[in-house]
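First comes the structure, then the notes that go with it.
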Amino acid sequence: MSRRRKVLVAVVTALALLAGGAYAATALLAVPPPHQLARLLATAPSEQGRLFPSRTVEASASPRALPASTEQMPETVPWKGEDVTVRTFLDTTHTRGFVVLRHGRVVEEWYADDAGERTRFSSWSVAKSVVSLLVGQAIAAGDLAEDDRLVDLVPALRTGGAYDAITVRDLLDMASGVDVAENYREYWPFTGTARLFLSTDLPGFLEDHRELRFTPGSQGEYRSVDTLLLGMILRTVEKEPLTTLLTERLWQPMGAESSATWNLDREGGVEKAFCCLNATARDFARMGQLVLDGGVVEGRQVVPAAWIDRISTPAPHPVSDWGYSAQWWHPEGADDDFTAIGVYGQYVFVDPDADTVVVKLSDHGTEQDELETVGALRSIAAQLAAADER
């Protein structure tokens, strides 16, 4: 064999060994194999839901109407110290779907060229706020209470140590202290939330991560693992997958017109409760309107009024210097408004004073321009309300 051929064989062998090692490593870590990770990196955040196994959330047989409004959208919003057109704001923040409701009517509905009213968008952490509504329903039904301890509801997680003090309330308000870092690094997705997102064994992940950063209930710190634990509580207590609970208790009663999907850790596995609910902008707007209307749809109390009060009132401990309550954000400068927020620019913004809901689904930076974006959404609501008064 020639020297050149020997070198070529050695290089090919080395690459094969490296590839084999990479596949073995991802299997050991219980994350998708390298070729799937590469595909993930090449896919826009708003479309990543199609890359994972999922269950279907069935639409309502009687969708709630979203009639058109005669009100006019504001022409400009504040952005980075100046006024820009709404279209400039949407383009600058890489928006793909945008819906504005006022008095339950559509003032504005806009989509990027490659999207439309039937497009399912990945909502990321907006799903946390949806889980909150399901928890509120379960509490009202007497199936659990905020003072219940996690390990009494999910005994498999019991440690005999400080972890066992975590309550449902701690998880709701991001105050559990569970030590799973909120890491979103795309090119090193093997720790913290990035690993959580990729895990093909979420129950195993939870059992392997039961150490604490601080005493449960003593402070607030944003942790996606808290919502995953809430999802495990619901699944254990209600003895149904989250997708079934969402379909029967929220999606259909609120009048969703399109089916949604909820990504799983693996085929037939468990829902990624902390993210990965994929739905249309119009149906996220219906969810926001449900919250704005005090949990009522066409005279039916779908989400308890007491739970709407709970999510609209900041909890004792701030999270990332913002108000927070039961998986809903109260950003800096909030009066009565509050919002669901997902990484990469997802918002379901609710302003009760202005009777306005704004949904914005995007492919923006990881946690980029969040306060500025909320400021623009607040401006839209305020300008619509002011026009009413003229």
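The values are calculated or read from the model by the stated rules, or taken from the named source; none is laboratory data. All of these numbers come straight from a predicted model, not from anything done at the bench. Neighbour counts are summed over all protein chains in view; Cβ atoms, including those assigned to glycine, are modelled from backbone coordinates with ideal geometry.
Key figures
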| item | result |
| --- | --- |
| Residue count, segment 165-198 (criterion: at pLDDT below 95 and hydroxyl-bearing (Ser, Thr, Tyr)) | 4 |
| Qualifying residue in segment 125-143 (condition: crowded, with 16+ Cβ neighbours inside 10 Å and over 18 Å from Thr227 (Cβ atoms)) | no |
| Matching residues in segment 181-224 - criterion: being of a type in the set (Val, Ile, Thr) and in contact with a Phe, Trp or Tyr (Cβ under 7 Å, 6 or more places away or on another chain) | Thr193 |
| Any pair with Cβ under 8 angstrom, 6 or more apart, that starts in segment 120-146 at a residue that is more than 16 Å from Cys276 (Cβ to Cβ) and ends at one that is small (Gly, Ala, Ser) and in a helix (DSSP H, G or I) | Gly136/Ala306; Ala140/Ala306; Leu144/Ala138 |
| Any chance Asp114 is assigned by TED's automatic domain parsing to the domain that holds Phe338, at pLDDT 95 or above and acidic (Asp, Glu) | no |
| Filter result for the condition that a residue is outside any strand (DSSP E or B), closer than 23 Å to Leu37 by Cβ, basic (Lys, Arg) and within 21 Å of the chain's Cα centre (by Cα), over Arg195, Arg169 | Arg195 |
| Answer residue from segment 253-277, given it is surrounded by 22 or more Cβ atoms within 10 Å (Cβ to Cβ) and outside any loop (DSSP other than H, G, I, E, B) and is nearest to the chain's Cα centre (by Cα) among those | Leu277 |
| Residues satisfying the stated conditions in segment 199-218, i.e. modelled with pLDDT of 95 or more and part of a loop (DSSP other than H, G, I, E, B) | Asp201, His209, Arg210, Glu211, Arg213, Phe214, Thr215, Pro216, Gly217, Ser218 |
| Qualifying positions in segment 359-390 - at pLDDT 95 or above, of a type outside the set (S, T, N, Q) and farther than 20 Å from Ala44 by Cα | Leu371, Glu372, Val374, Gly375, Ala376, Leu377, Arg378, Ile380, Ala381, Ala382, Leu384, Ala385 |
| Number of positions in segment 282-331 that are at pLDDT 95 or above and within 20 Å of the chain's Cα centre (by Cα) | 33 |
| Candidates Asp208, Asp226 - the one that is assigned by TED's automatic domain parsing to the domain that holds Ile341, more than 17 Å from Ser54 (Cα to Cα) and free of Cβ contacts under 8 Å to residues at least 24 places away in the same chain | Asp208 |
| One residue from Ser69, Ser60 being among the hydroxyl-bearing types (Ser, Thr, Tyr), modelled with pLDDT of 95 or more and either closer than 30 Å to Gly269 by Cβ or loosely packed, with under 13 Cβ neighbours inside 10 Å (or both) | Ser60 |
| Enumeration of residues in segment 301-351 that are part of a strand (DSSP E or B) and touching a Pro at 6+ places or on another chain (Cβ under 7 Å) | Trp322, Gly323, Tyr324, Ser325, His330, Thr339 |
| Test result for Glu75, touching a strand residue (DSSP E or B) at 6+ places or on another chain (Cβ under 8 Å) and in contact (Cβ under 8 Å) with a residue 40 or more places away in the chain | no |
